[in-house]
1. Exactly one condition in (1) assigned to a strand (DSSP E or B); (2) in contact with a Cys (Cβ under 7 Å, 6 or more places away or on another chain) is not met by B:Gln99; state its number.
2. Within the set of pairs 6 or more residues apart or between chains, which connect a residue that is in a loop (DSSP other than H, G, I, E, B) inside the stretch A:72-87 to a residue that is of a type outside the set (A, V, I, L, M) and more than 16 Å from DNA strand D (Cβ to nearest atom) with Cβ atoms less than 6 Å apart?
3. Please verify whether the stretch A:29-49 includes one or more residues that are part of a loop (DSSP other than H, G, I, E, B) and within 15 Å of DNA strand D (Cβ to nearest atom).
4. Please count how many residues of the stretch A:118-141 are more than 7 Å from chain B (Cβ to nearest Cβ) and within 16 Å of A:Cys97 (Cβ to Cβ).
5. Determine whether B:Ser54 is under 14 Å from the mean Cα position of the chain (by Cα) and either more than 14 Å from chain A (Cβ to nearest Cβ) or within 12 Å of DNA strand D (Cβ to nearest atom) (or both).
6. Which condition number does A:Val53 fail, the rest of (1) hydrophobic (A, V, I, L, M, F, W, C); (2) buried (at least 18 other Cβ atoms within 10 Å of the Cβ); (3) outside the structural domain of A:Arg18 (by TED's automatic domain parsing); (4) assigned to a loop (DSSP other than H, G, I, E, B) being met?
7. If I filter the stretch B:83-93 for residues that are within 14 Å of chain A (Cβ to nearest Cβ) and within 16 Å of DNA strand D (Cβ to nearest atom), do I get at least one hit?
Protein chains: 2
Amino acid sequence: MSKNKEKLKMVLHKEGLRFTNQREAVWNEIVTCDEHRNVDDIYMTLRKNGILVSRATVYRTIDVLVKNNMVRKLDVGVGPSKFEHKMNAPHHDHMICIQCGRIEEFVDDQIENLQDSVAKEYEFKLVRHIHQLFGICKDCQ
Amino acid sequence: MSKNKEKLKMVLHKEGLRFTNQREAVWNEIVTCDEHRNVDDIYMTLRKNGILVSRATVYRTIDVLVKNNMVRKLDVGVGPSKFEHKMNAPHHDHMICIQCGRIEEFVDDQIENLQDSVAKEYEFKLVRHIHQLFGICKDCQ
DNA sequence: AATTATTTGAGACTCATTCACAATAAGGGC
DNA sequence: GCCCTTATTGTGAATGAGTCTCAAATAATT
């Protein structure tokens, strides 16, 4: 059994939820693609591959995945939210071009550390964060 | 004429928009309150004070104010966006409690600087950013 | 004052997301 | 494997924040 399937089973069990074909299909579709996609993209791709899962189920499954840190939700400021899986990928944040919508990832450990310090200082238990830079990308300038 | 009124006039002029009672009323309502409020909060307060401005106009005016850096839009992850004015207030980011919804502000110049460096490195022209820490606040723990 | 262009208000509309509920499928015990 | 209980699914309707349309009102220009 693949590592990802294993991971899904664990999380579902932890949440007291059942392991179903639909949930596996959704997780599988998300984890085998490295793009930033919205629910409809994911739904349509599944459908194109002959896997009929309802949109509602995609939403419901993603909620669980997001809550359990397997998927990151990305509010890109306009239109539907986008999602990306977090397996085998180092943590990163995003730069979003307000002209062409292109999303670029960036990593900065110093920022991460400072962030942790701030949270500690306020006795705030950090669960997740959003750090997005909006602007004009190199190509659009 | 107050400094804030002056500022609004300038921005509207720059945008090729007219200075109207409604736009002044919305800006005034926002700039004289230091809380994080959504469009409906602002609309209802105006209405309570006998100032009848339509919801659509509040949305439209806020768009202009956000675009011109007079107001910050805050996506709090659930429900409608909140807004706060940016006059006389040093730049800050937000910690949002996912339990009680409380919003706390924090300032960290080092993070701001690092952020600028990252943008520079990618030749990305930074227009604005979102940096939000989600977690459990001191009181909710 | 007349003309032209912008803004406003009201409500219809959009569209992402959530919900309700009947039908279906999982998991546990036998 | 079969039954029973309980969770999950699909469907389509509902929700709700935000946007749009358009006629009437207001502002700027002549």
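1. (1) is the only condition that B:Gln99 fails.
2. A:Val76/A:Lys82; A:Ser81/A:Lys73; A:Lys86/A:Arg72
3. Checking the stretch A:29-49: at least one residue is part of a loop (DSSP other than H, G, I, E, B) and within 15 Å of DNA strand D (Cβ to nearest atom).
4. Total satisfying the criteria: 2.
5. no
6. Just one mismatch for A:Val53, condition (3).
7. no
The values are calculated or read from the model by the stated rules, or taken from the named source; none is laboratory data. Just so it is clear, the structure is predicted and the values come from calculations on it, not from any experiment. Every residue, glycine among them, receives a Cβ derived from its backbone with ideal geometry; neighbour counts consider all protein chains shown.
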